[in-house]
Amino acid sequence: MEAVMIHSLSKTYPSGKQALKDLSLSIGGGEVFGFLGPNGAGKTTTVKLLTGVLTPTAGSCSVMGIDPARQPEKAHLVSGIVTEHAQMYDNLTGMENLLFYAAAFGLPRQEGKARAESLLRELDLTDAKDRRLASYSTGMRQRLSLARALIHRPDVLFLDEPTSGLDPESAQNVNQMIHGLARREGITVFLCTHQLRYAQEICTRYGLIEQGSLLAAGTLEELRGRLFAAKTLRIRAANVLGNPNLTECKLKRRRDDEFEAEIRENEEIPALIRTLVEGGGDIYSVSLEEPSLEDIYFALTDKRNDSRDNRKGEAR
Amino acid sequence: MNTAMSAIIRKDFRGVSANRRLFSSLLILPLLLVVVMPSIFIVMIHLMPDDPDTAKLLAIMPASARLSSMELTLSGMVVNYVLPAFFLMIPISTASIMAASAFVGEKERHTLETLLYCPLTLAQIFRAKVMASFLLSMLVSLISLAAMFAVVETEAVFLMGTLLVPSISWAVVILLVSPAISLIAITLIVRGSAKAQSVEESQQSAVFLIVPLILLIVGQFSGILLLNVWLLLGLGLACAAVAALLLKTAMGKFSYERLLQ
């Protein structure tokens, strides 16, 4: 069974704003799915629809086979949710907050306490557990929210911008924790973010969304393959210009000793290097530059804008 | 009632009772109503000269209300006909403070969304919120009740040399009418707090709309107290039925989307 299924999901707000248009996706168990897009793309709306807080205008979705629009309370039992607006009680300590949510999720007191203690330890909050939440820093609050979302051992974790407002170090810590927890506990993670660099570090598959429409979905390799035919191989080498087979290598000189070659498959690399070495070249470094998630994202949005411009041109 | 609902009740209840300043300010009005006011009445009755007009007034009262002396009769009337109405105001005024922030308070603190992500239906969250306010107002009522009888009876013993016997109506008021009327007020106020955009708005609608309306109904009870305990019992049961119906239907039209707006 897929952990999350989204079928032709659309949401138009009462104000008339169409936040989501015909979104279809499926996420398998144990995946760390990065749902990426700029602010206002429809990421939060999707999370709210998947957690039953919003009802869809059209289409349907399910979380572990449960329709959140019909049985939100059952969907919440299998979901852990961290969003910017889902805060905890400032007048309670970190531990008291976790104990409250453990009880709210029906955990017996002893079990809730043991679970809270182990999560606080894992999230490096043990020293602050008896301090009121009001004295917590933003990073500590985010980590405690993560502990709160995991208290009932959910099957799916929905994270909406879990690192927003955090300094780079705290953001990296939170991301590493998400990565570690997902791997250890086998939880499916639905991570919404616009921080593409962090997403690339922890996600196994991606969906890119803009203006309520899904631009593409797949693993990094799949997306690269779909959008970029070639990869760039950077080589630092000396004595290669006299090589008679240089044209065959399609090597372009960038600077004094820096060269670039466009390749399609990684298998082309050994042959290329061999040709250079056999021709008397001295190789100092070879690095394969593959398009990053950021490159993919901008390529997709450019493509979309181009096709929109073309449509407008044709209409004129 | 499941564990999750009782967790919300405990959390809300602790939120107020752990705040000593808030809790003690909650007790000021009740103590004024049931300790200071009755004491003034009883001392005034004791100091009042025998007045023929008052004697005429007492003559038209039901025979059951008349006691051996005018002072005892008047004090008995204060205890059995005036104080129950005062007593009914306590849970209502107490509830208006906590119930008014039930939903909108969570919204302002950005904790409502987190609460909605718990595995509870909206109706269950609503009932838990109502129960928390209800238990608090019942606790304040009981504290006030104990304080009132302790003070009034002590005064009666000192001034008149005898205890004042509360009528059977008191039992109906404490066990049925007071809980039922408070439940109506709390349900309406909590429902209002789900619609309000700020705690102030919710408190204003509670204090200026719901509480006066309920107190108007309470005012009618002091008349009924004079008539018949069975009528009081009947009306108490009717209030309990209204409370149960309100509690069941009040959240009918609410959705997560509307609550978070």
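Here, each number is a calculation from the coordinates, and none is a lab measurement. Small disclaimer: the values here were computed from a predicted structure and weren't measured. Glycine gets a Cβ as well: all are built from the backbone with ideal geometry, and neighbour counts include every protein chain shown.
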Note to self: C-alpha centroids of the range A:198-236 and the range A:117-151 sit apart, in Å, by 33 Å
Of A:L20, A:M5, A:C203, farthest towards positive along the dipole that unit charges on Lys, Arg, Asp, Glu beta carbons give chain A | A:L20
Would you mind working out the magnitude of the charge dipole of the protein assembly as shown relative to its Cα centre, with +1 at each Lys and Arg C-beta and -1 at each Asp and Glu C-beta, to the nearest 20 Debye?
-> 980 debye
Lysines within cross-link reach of B:K253: Cα-Cα under 25 Å, excluding same-chain residues under 8 positions apart?
-> A:K11, A:K17, A:K48, A:K74, B:K107, B:K129, B:K195
Rounded to 10°, Cα long-axis angle of helix A:293-315 versus longest principal axis of chain A | 80 degrees
Mind sorting B:I40, A:I66 by how few other Cβ atoms lie within 10 Å of their own Cβ, fewest first?
-> B:I40, A:I66
Take every Cα pair under 8 Å in chain B that's 6+ residues apart, average their separations, divide by the length, and report that relative contact order as a whole percent.
-> 29 percent
For helix B:3-17, what angle does its Cα long axis make with the longest principal axis of chain B, in degrees from 0 to 90 and rounded to 10?
-> 60 degrees
The residues B:T73, A:T188, sorted from fewest to most surrounding Cβ atoms within 10 Å, come out as B:T73, A:T188
Net charge near B:V34 (other residues with Cβ under 15 Å of its Cβ; Lys, Arg +1; Asp, Glu -1) is -2
Summed side-chain charge close to A:L220 - residues other than A:L220 whose Cβ falls under 15 Å, Lys, Arg +1, Asp, Glu -1 = -3
Taking the Cβ of each residue in B:M77, B:M61 as the centre, tally the other Cβ atoms inside 10 Å and list the residues starting with the fewest.
-> B:M61, B:M77
If each K or R counts +1 and each D or E counts -1, the residues other than A:L288 whose Cβ falls under 9 Å of its Cβ total 0
Whether the range A:99-184 is rounded, prolate or oblate, judged on the alpha carbon gyration tensor where a/c under 1.5 counts as rounded = oblate
